[in-house]
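The values are calculated or read from the model by the stated rules, or taken from the named source; none is laboratory data. If you're wondering where the values come from, they're calculated on a predicted model, not measured in any experiment. Positions of Cβ are backbone-derived with ideal geometry, glycine not excepted, and every protein chain shown enters the neighbour counts. To get the accessible areas, we keep the full protein, side chains included, count just its heavy atoms, and leave off ligands, DNA and RNA. Shrake-Rupley method; radii C 1.70, N 1.55, O 1.52, S 1.80 Å.
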Amino acid sequence: MLGVAAGLSVLIAVTGARAQESAVAPIDEAGWQGVLGVRPAVSSGQRFVILLRAPSLAARVLAHGGLATEAEERAWTAATVSQQEQFFARLAAAGARMGVEYRYARVLNGFSARLDPTSLEMLARDREVAGVYPVRTAYPAAHIGTEGVLPSVVADLEIAGLDGTGVTVALLDTGVDPSHPYLRKSVLPGVDVISPGSGGIAQPHPTIPGRPERHGTELAGIITGSEGPGGLHGIAPGASIRPIRVAGWQPNAEGGYSIYSRTDQILAGLDAAVDPNGDGDAHDAARVALLGVVEPYAAFPDGPLERGISGATVLDTLTIVPAGNDGLAGPSYGSIAGPGAASDAVTVAAADGRLSVPTVRVYVRAGLKVLYDGEVPLGGAPSGTVTAGVTFVSRSTARRGIKGLFTRQGESRVAGRAVLLPRAALSGDAVEDATSAGALAVLVDGSLPAGAFSLDVPPGVPVVGLAPGVARDIEGMLRSGVPVSIAVGGASLEQRGQAGSIAAFSSRGLVFDGSLKPDLAAPGVSVPTSEPGRGNDGDVRFGTVSGTSAAAAVTAGVAALLAQGRPGLTATGLHGVLVASAKRSDLDPAASGAGLVDLRTAVQEEVYAEPALLSFRTEGAASEIERTLTIHSVSTRPLVVSIGKTALAPKGVEVTVDPARVRLNPGASAKIVVRADVRDVSPEAGVATGEIVLRMIGSPEAHVPWAVAVPPRVDLLSRVSVKPTKGRISDTSPFVLSLVVGAVSGGPVPQVRAVKLLDIELWRGRKLVGVLARQRELLPGRYTFGLTGRAEDGSRLRKGAYVIRVVASSGDGSPKQSEKVAYQVR
């Protein structure tokens, strides 16, 4: 009988199952995982999302053909809420203790709660429960860029007469600063999921003055900013922003506060996005919802968030999400962040359009010893020559904010010095604090990409990343009392080999079931936008932001323009047209989906496909896989559509289509069958990619990317063992089942392999006694379960020999894997 699941040690990006002692590959110049991978430690507090079998509002609307009156929707939502009340009452009467925190009735039917082991077991076995899922942490998918306003990225994303007027974008992120002049015309009253009552306004740090939440204000400016300096404006300045605060300052596991969200909070935000006034009627749903936070590596295709996004789509809200900023963990399995695996989400990669990047020469010396002499990317402000002694700032000091950089007498510890920050202390706030305290330069333990940092960094103050070995040498010298000095040369520009490429930090597909993601790419490096609050001189603040959340915000603005220009498109239609019209260029579908977002083509597109991306999951020994593609006409004229195909990286895959031509009347649809011959595909071949191309006379082509991949062969279960907590196992004396689940496979670029479903079965001889535990969506790590000498139904086990059989399913079509371990009940 399941007692507890504890002692989880997540191995993502560190170790995995079997022989996985080596770490993930180091960060290169443009790979930002090192920056964004330093995420605060957060405890989920035994929180779970419980999905119920009774229909949600979205499920009822779908069952009625997608149409419903306002009164019907209010009645259906009330029925779902009533069913939940009855469920809670019944479980409470049975002895379950549930600390319910959030309830969901619109995009899906369920709730989140803190559960003790006994209540968790009761819920997992209840007839009304469809599934129990762990709550995970989500983080902003962006990184602060260079201070000062750069040329706008919207030049190629403008069409006369379209500014997003009449379209509402729900922004699920940190709070927004509505007083910023750049946003004053566009921000509507919002919803605060974390601290109800604030209206979605950016909140200050609970203990450190001058540290407001920034990310939501930055993304809002990318979408709807207007009347900025030098004519700067957002993608859709006429649209409205509905801030829904699902992320912000919350307690972390170290006794302080960090900015993050949780999956249960994001679900509550989706419910608010489709019904902002909470009356149960979703006719006031936002046209577009932008999610700016992601769950790292959690590319599960059908978890609660993914199902919630499907529900929002039914209620006609298009959800746009970042692909994630862990590109170095891909490229095949596991790099996409959750909920980017959702088929109904527009998952966006970040493109880097810079033609050149700034670099500086760095010279580090300790006494007569040269520790480093070389060229590095300039991560911060434009720089002149700087020479200074180095001061190390510990993580604990950085956590105190700017106060930690001053003595009790008010003297700065870093004025006129170069500050060395440990990787774990790296943040926009830490950099800003150091420069505000008078530091002449900021050094970071680990590589930084060009233009990666900073906010309010005065001109002439460089921010540079040093190789980890150099930083350790500096720290060691300083701790030994040896002075260290650094000289930073003036900035110069280094030409990039390829403009318009996908940023190295941008997460790649596939997702855990083998489906292709992301959907498309958009500008995501050094995007100019608004910053909350005021600078030291009292002026409003502007800066740049980079990351896949910035790219997703650009796409959300494009979607708002498209929704204004083509109001007849449903959420599914907006999704399809955005993908179908994307510009392929030479980009890899596993990194960019269909290619770069292209508004000018999107407003002319006359057809789109459903699904927007086509994935062929290999299963068993099948030599041919078949998929059905539905082509929808959104034209006012009859069309003859020719269906062709392009192999971008075939790797032994042959794709055919039938029929090769269809006729479509205005608003009509047609189905075609796409077959992939996969007999020559192997795990070593990697991902095969290509496109289905829809061609019409007098209209732009529409593209449907496809992908085929065979999952790498890895052990999903290892190190399975049982150990009694006392001398023997009985119905009162538990034993601990310990095992490693999932893997981080080796190779030049590691791949994360997760487990979709884990069953712990109890056998006696050839007879299955019962399923003791079932766990969903497990990321690689070591898991422990406390089990007692009782059966699935709670009855006492007879004395004798038993076998625990652990069964793991990856959900990607590869065979289930199982391990057995014997034990004795005495």
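Which one of A236, P339, V482 is farthest out on the positive end of the charge dipole of the chain, using unit charges on Cβ (Lys, Arg +1; Asp, Glu -1) and the Cα centre as origin?
V482
For the range 251-261, in order, what is each residue's ³J(HN,Hα) by Karplus, 6.51 cos²θ - 1.76 cosθ + 1.60 with θ = phi - 60°, in whole Hz (x at glycine and Pro)?
Karplus values, whole Hz, x for Gly and Pro: x, 9, 7, 10, x, x, 10, 9, 8, 7, 9.
Rounded to the nearest 20 debye, what is the charge dipole size of the range 601-712 about its Cα centre when +1 sits on each Lys and Arg Cβ and -1 on each Asp and Glu Cβ?
So the magnitude is around 320 debye.
Hey, what's the Kirkwood Rh for the chain if you take every pair of different alpha carbons, in angstrom?
The Cα-based Kirkwood calculation yields 27.7 Å.
Using packing as a proxy for protection, rank 580-588, 290-298, 524-532, 214-222 so that the peptide with the highest average count of other Cβ atoms within 10 Å comes first.
214-222, 290-298, 524-532, 580-588
With a ≥ b ≥ c the root eigenvalues of the C-alpha gyration tensor of the range 621-718, is it rounded (a/c under 1.5), prolate (a/b larger than b/c) or oblate?
Prolate.
Using 0.36 nm per residue, how much length does the chain from A75 to E128 gain when fully extended, once their Cα-Cα distance is taken away?
Separation in residues times 0.36 nm, less the Cα-Cα distance, equals 17.0 nm.
Tabulate in residue order the Karplus-calculated ³J(HN,Hα) for the range 181-196, using 6.51 cos²θ - 1.76 cosθ + 1.60 with θ = phi - 60°, rounded to whole Hz; enter x for Gly and Pro.
Coupling constants for the range 181-196: x, 5, 10, 4, 7, 10, 8, 8, x, x, 10, 10, 6, 6, 10, x Hz.
In debye, nearest 20: dipole of the chain around its Cα centre with unit charges on the Cβ of K, R (+) and D, E (-)?
For this selection, approximately 2980 debye.
What residues have an amide H closer than 5 Å to that of G770, excluding those fewer than 5 places away on the same chain, when H is modeled at 1.01 Å from N in the peptide plane?
L762
Report the label-to-label distance for T656 and Y363 in nanometres (one decimal), using points 7 Å from each Cα along the Cα→Cβ vector.
In this crude label model, T656 to Y363 measures out at 6.9 nm.
Quick one: plug the Kirkwood hydrodynamic radius of the range 504-660 (C-alpha pairs) into Stokes-Einstein at 37 °C, 0.692 mPa s, and report D in µm²/s.
The calculation lands on 183 µm²/s.
Under the rule of at least 5 residues apart or a separate chain, name every residue whose amide H is placed under 5 Å from the amide H of I201.
Residues meeting the amide H criterion: V176.
Would you mind checking K583/K651; K671/K816; K723/K799; K517/K583; K645/K671; K767/K816 for any pair whose Cα atoms are more than 25 angstrom apart?
K671/K816
With r defined as the distance between the Cβ atoms of S818 and S623 and R0 fixed at 22 Å, what FRET efficiency is calculated, to the nearest 0.05?
Rounded to the nearest 0.05, the efficiency is 0.25.
Is any helix in the chain, taking whole DSSP H runs, at least 27 angstrom long along its axis by alpha carbon and on average at least -1.0 on the Kyte-Doolittle scale, and which ones?
Membrane-span-like by this criterion, though nothing is claimed about a membrane: 70-93.
What accessible area per residue, rounded to a whole number of Å², is obtained for the chain using a probe radius of 1.4 Å?
Here the residues of the chain average 37 Å² of exposed surface.
Pairwise over distinct Cα atoms, reciprocal of the mean inverse distance: report the Kirkwood radius of the range 182-228 in Å, one decimal place.
Hydrodynamic radius (Kirkwood, Cα pairs) of the range 182-228 is 11.8 Å.
Per DSSP H run of n ≥ 4, the term is -39500 (n - 2.57); total these for the chain, divide by its residue number, and report the mean residue ellipticity at 222 nm rounded to 500 deg cm²/dmol.
Result for the chain, helices only: -5000 deg cm²/dmol.
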